[in-house]
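K.L.:
Quick one: the structure is below, and I'll ask about it shortly.
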Amino acid sequence: MTLDLDPGTAALGNPRLIEAIVDEMAGGTISFERFMELALYHPEHGYYRKPGRVGRQGDFLTSPTIHPMFGWAVAGWCRYVWQQLGEPAEFTIFEPGAGEGALATSILDWADGRDEPFRAAIRYVALEPNSPGNDTRVEWRERPEAPAANGVVVTNELFDAFPVRLFDAGGRGPVEVLVRWDGERFVETPGGVASIDDAPAAGRFEGNSRAYPAMRALCGLVERGAVLVFDYGYPQEELWAPWRTTGTLLCFYKHTAHEDPYIHVGEQDITTHVNFSDLAAAAEDEGLVVFGPVPQSEFLYALGLGQLVESARTDMGEYFTRRRALEQLTDGAGLGRVRVLAAVRGFDGPPPGFEPLP
């Protein structure tokens, strides 16, 4: 089908992607989960197929793109795990959803300048099918070849970009949201009633059925070591709290947040908050011990980012750059709301950033 989008509907997004979605609908409906999957991950026209989506010139910022010191903190955390495992000769860092490699570069730069034995042990594997970066120290792969004997899996805002099922809860129970094309734009229509344990009694909410198996798979990548997760989200009782009646779905287009996934299709990010109870259960089912989640602000301060800012006072330009970055990384209305969860196997915890407060 060829769609003739008039100027009034030009904001709908990439015409080729819209045509592909409408063709799949074949005059009927698809689930919101499938709509989100096509909008973000269509093999030719999906949002995550285009370069430059993250950063000041893109649609949103992530912690690794704010300043390298986020990666320096993660590098120090990974070195702690390496030390707890007895400083093995090979230590693999897997990063699923590595994007263009900002986090990988800052971790490896820190290790290059701070700890030669640790750097010599690191094998950095970025799992990224879309637009791999240019850092030659990194192995760029679409999927892992085999688990590592010792290592860490680091994910930053990975799970919140998974396609989700969307529901409207009411008297009949959770009604799944379907999507159809009305000839001019995408619109929602009610589907069947789903059976979901402990589902909210009223309002809109999301269900991320892919997070649990993905977390189990990531835990299986390291025989000894840890999984470190940074993501927006809450434990289930908070995520599905009775007062949260509009869900958590957000879209980001040119650094503007809004709640309409049916415009800028293929040209904007679509995200929802993660159910950390699912991630914790998955890690525990794989035999790992879970710590957190804790706020990113608390985690980064515990790892010494405040001191890292103060150490730059001999160069006032760098000092103010770091101070501004720290404010962004720990902002309670922004990236500071990211939660951090760790799951470990092969050594005793808690690891840095998860110690009980005095």
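K.L.:
Could you work out how much longer the chain between Phe320 and Glu145 gets when fully extended? Use 0.36 nm per residue separation minus the Cα distance between them, nm to one decimal.
P.N.:
Fully extending the segment from Phe320 to Glu145 adds 58.7 nm.
K.L.:
Now, a different point. Take the alpha carbon atoms of the range 172-194, find their center, do the same for the range 123-145, and report the distance between the two centers in whole angstrom.
P.N.:
Here the two parts' Cα centres lie 38 Å apart.
K.L.:
State to the nearest 20 debye the size of the charge dipole of the chain about its Cα centre, where the only charges are +1 on K and R beta carbons and -1 on D and E beta carbons.
P.N.:
Once rounded to the nearest 20, the dipole reads 480 debye.
K.L.:
Along the charge dipole of the chain, which of Gly13, Ala312, Pro293 sits closest to the positive end, that is, farthest toward it, with unit charges on the beta carbon of Lys, Arg, Asp and Glu (+1, +1, -1, -1)?
P.N.:
Towards the positive end, the residue furthest out is Ala312.
K.L.:
Still on this structure, please answer the following. Using the Cα gyration tensor of the range 217-263, with a ≥ b ≥ c the square roots of its eigenvalues, what is the shape: rounded (a/c below 1.5), prolate (a/b larger than b/c) or oblate (neither)?
P.N.:
In terms of gyration-tensor shape, oblate.
K.L.:
Under a Cβ-Cβ cut-off of 13 Å, what is the net charge of the residues other than Phe186 that fall near it, where Lys and Arg count +1 and Asp and Glu count -1?
P.N.:
That sum, taken over residues with Cβ under 13 Å, equals -3.
K.L.:
If you don't mind, there's one more thing I want to ask. Relative to the present Cα-Cα distance, how much length would full extension add between Thr256 and Glu286 at 0.36 nm per residue of separation?
P.N.:
Working it through step by step, the gained length comes to 7.0 nm.
K.L.:
Given R₀ = 30 Å, what would the calculated FRET efficiency be for Phe347 paired with Lys50, taking r from the Cβ atoms and rounding to 0.05?
P.N.:
Using R0 = 30 Å, I get an efficiency of 0.15.
K.L.:
Still on this model: Once you keep just the Cα pairs under 8 angstrom separated by 6 or more residues, what percentage relative contact order results for the range 102-172?
P.N.:
Relative contact order for the range 102-172 comes out at 21 percent.
K.L.:
I would also like to ask the following. Match the structure shown to one of the listed values [x] 34, 24, 17; [y] 47, 21, 16; [z] 36, 23, 20 of semi-axes √(5λ) of the Cα gyration tensor in Å, computed from it, and give that label.
P.N.:
The value computed from this structure is option [z].
K.L.:
Which residues make up the longest stretch of the chain clear of GluC sites (Glu not before Pro) that lie in a DSSP loop with no more than 16 other Cβ atoms within 10 Å, not counting the sites?
P.N.:
Result for the longest clean stretch: 185-258.
K.L.:
Can you work out the FRET efficiency for the pair Ala26 and Asp331, with r the C-beta to C-beta distance and R0 = 35 Å, to the nearest 0.05?
P.N.:
0.20
K.L.:
Classify the range 234-358: rounded, prolate or oblate, from the alpha-carbon gyration tensor (a ≥ b ≥ c, eigenvalue square roots; a/c under 1.5 rounded; otherwise prolate if a/b is larger than b/c)?
P.N.:
Oblate, since a/c reaches 1.5 and b/c is not below a/b.
Taken together, the values in this text are just the output of simple stated rules run on the coordinates, not laboratory data. Remember, it's a predicted structure, so these values are computed and weren't measured experimentally. Positions of Cβ are backbone-derived with ideal geometry, glycine not excepted, and every protein chain shown enters the neighbour counts.
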